[in-house]
Amino acid sequence: MVATTHRSAPPPDPALIAATLASAILKGERRALARAVTLIESTRPDHRSIAEGLIESILPQTGRATRVGISGPPGAGKSTFIERFGLDGLNRGRRIAVLAVDPASKRGGGAILGDKTRMAELSRAPGAFIRPSSAGAETGGVAPRTREAILLCEAAGFDTIIVETVGAGQAETTVADMVDMFLLVLPPAAGDELQGIKRGIIELADLILINKADGPLLDHAHRAAAEYANAIHLVRPAYSEWQVEVRAVSALQGDGVNAVWDDIARFRLALEETGTWARRRADQARAALLAEIGTALLDRFRSTPAVATRFHEVEAEVRAGSRTPAAGARMLLAAFLGETQAPPV
Ligand SMILES: Nc1nc2c(ncn2[C@@H]2O[C@H](COP(=O)(O)OP(=O)(O)O)[C@@H](O)[C@H]2O)c(=O)[nH]1
Ligand SMILES: [Mg+2]
């Protein structure tokens, strides 16, 4: 072929893109970090392969940050708390990344927009990075991508990673499994008044903050804190080296907020001394590995033609009770394995 002056550009080299992005992230460039988080949320196979190369290359620079999960019902004051707490942290010389996870909302959820205005000062601070995570169920849930976003933030030099999630359902357990310490922010109402907060969620908490302890709600908050403190004593502690505390705070006025930094430091020290910290991280990584395998296998399974043609029929039979789940699963698995294995000779 004759060379022309209008040569088309060679296809971008994924390894080169990943390497360029990695070096910018390691220098702490926030725009590169934001681009990388967008990249890992993408479902495009070419993006996915760049993302995996990127994560692999920054991995040695991760793991040093403290990962803190913050959950609680909508309106409890999580975002207001994170703004105050984050600014206190910056004053202490910390570098803070906030990943807001909202599994219920797809792109551009209203809750996230509200959060941006509630964290206005923090989002402008050079030492902070705030990022709503919008990865929906189609990417295998928020968990795998949020885990990768945490690693990217650590590589960019953030020493405290906050993962905020709305306290509604499965999300807390998912977030609790990817952080070191789990904080629950609750409104100043106790016991039966507090609807929608499940006992199981209370049991996940390493620290419980009863918010809005100010103005006319001050007494309510302290009463609620005392009730929760009593209830907590009946729960079997998750760690022998840590006693869960319940405290009344005011995110709006800042009362009791700065002290949470000391709680987190004490928690980390106590767990590091006994080796629980490292063991928990290792267990989390192993669980993530199994989860990734499970998701990938299920994707392959459902997209295999022999399974895809029969799946809905079997699903309907199982729903109707005319076939047991065990029998349905066995039949579809046989179809799957029959198609992926080499036929017997
Ligand atoms: N009085 C009082 N109001 C608060 C406090 N923290 C948050 N709020 C208010 O509670 C509402 C919900 O706060 P937000 O941070 O968005 O809650 P989130 O949904 O848990 O993130 C807002 O109107 C806040 O101004 C507090 O400490 N005291
Ligand atoms: Mg919020």
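Listed values, structure above:
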| read-out | value |
| --- | --- |
| Residues of the range 50-84 classified as more than 16 Å from ligand 1 (Cβ to nearest atom) and not aliphatic (A, V, I, L, M), total | 11 |
| Output for the range 61-101, where each listed residue is more than 16 Å from ligand 2 (Cβ to nearest atom) and polar (S, T, N, Q) | 61, 62, 66, 91 |
| Index of the failed condition, residue 293 passing every other in (1) surrounded by 13 or more Cβ atoms within 10 Å (Cβ to Cβ); (2) without any contact (Cβ under 8 Å) to a residue 24 or more places away in the chain | (1) |
| Residues of the range 21-48 satisfying the condition of being surrounded by 15 or more Cβ atoms within 10 Å (Cβ to Cβ) and of a type in the set (Ser, Thr, Tyr) | 42 |
| Members of the range 49-76 found to be surrounded by 15 or more Cβ atoms within 10 Å (Cβ to Cβ) and among the charged types (D, E, K, R), listed by number | 67 |
| Selected residue (criterion: farthest from residue 132 (Cα to Cα)) from residues of the range 85-101 that are buried (at least 24 other Cβ atoms within 10 Å of the Cβ) and within 16 Å of ligand 1 (Cβ to nearest atom) | 85 |
| Every pair of residues 6+ apart whose Cβ atoms lie under 9 Å, when the first sits in the range 264-290 and is closer than 20 Å to residue 145 by Cβ while the second is among the β-branched types (Val, Ile, Thr) and surrounded by 15 or more Cβ atoms within 10 Å (Cβ to Cβ) | 284/179 |
| Answer residue from the range 247-266, given it is of a type in the set (A, V, I, L, M) and away from ligand 1 (no atom under 16 Å from the Cβ) and is surrounded by the most Cβ atoms within 10 Å (Cβ to Cβ) among those | 264 |
| Test: residue 206 is within 16 Å of ligand 1 (Cβ to nearest atom), modelled with pLDDT of 95 or more and of a type in the set (D, E, K, R) | no |
| Test: residue in the range 12-20 that is buried (at least 17 other Cβ atoms within 10 Å of the Cβ) and in a loop (DSSP other than H, G, I, E, B) | no |
| Hits in the range 25-77 (condition: without any contact (Cβ under 8 Å) to a residue 40 or more places away in the chain and in a loop (DSSP other than H, G, I, E, B)) | 27, 42, 44 |
| All positions within the range 301-312 that are touching a residue at least 24 places away in the same chain (Cβ under 8 Å) and part of a helix (DSSP H, G or I) | 301, 305, 306, 307, 310 |
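Rundown of residues vs (1) outside any loop (DSSP other than H, G, I, E, B); (2) over 19 Å from the mean Cα position of the chain (by Cα), yes/no style:
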| position | (1), (2) |
| --- | --- |
| 246 | yes, yes |
| 251 | no, yes |
| 254 | no, yes |
| 262 | yes, yes |
| 267 | yes, yes |
| 271 | yes, yes |
| 288 | yes, no |
| 295 | yes, no |
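The values are calculated or read from the model by the stated rules, or taken from the named source; none is laboratory data. Note that this is a predicted model, so its numbers are computed, not measured. All Cβ positions, glycine included, derive from the backbone under ideal geometry; neighbour counts span all protein chains shown.
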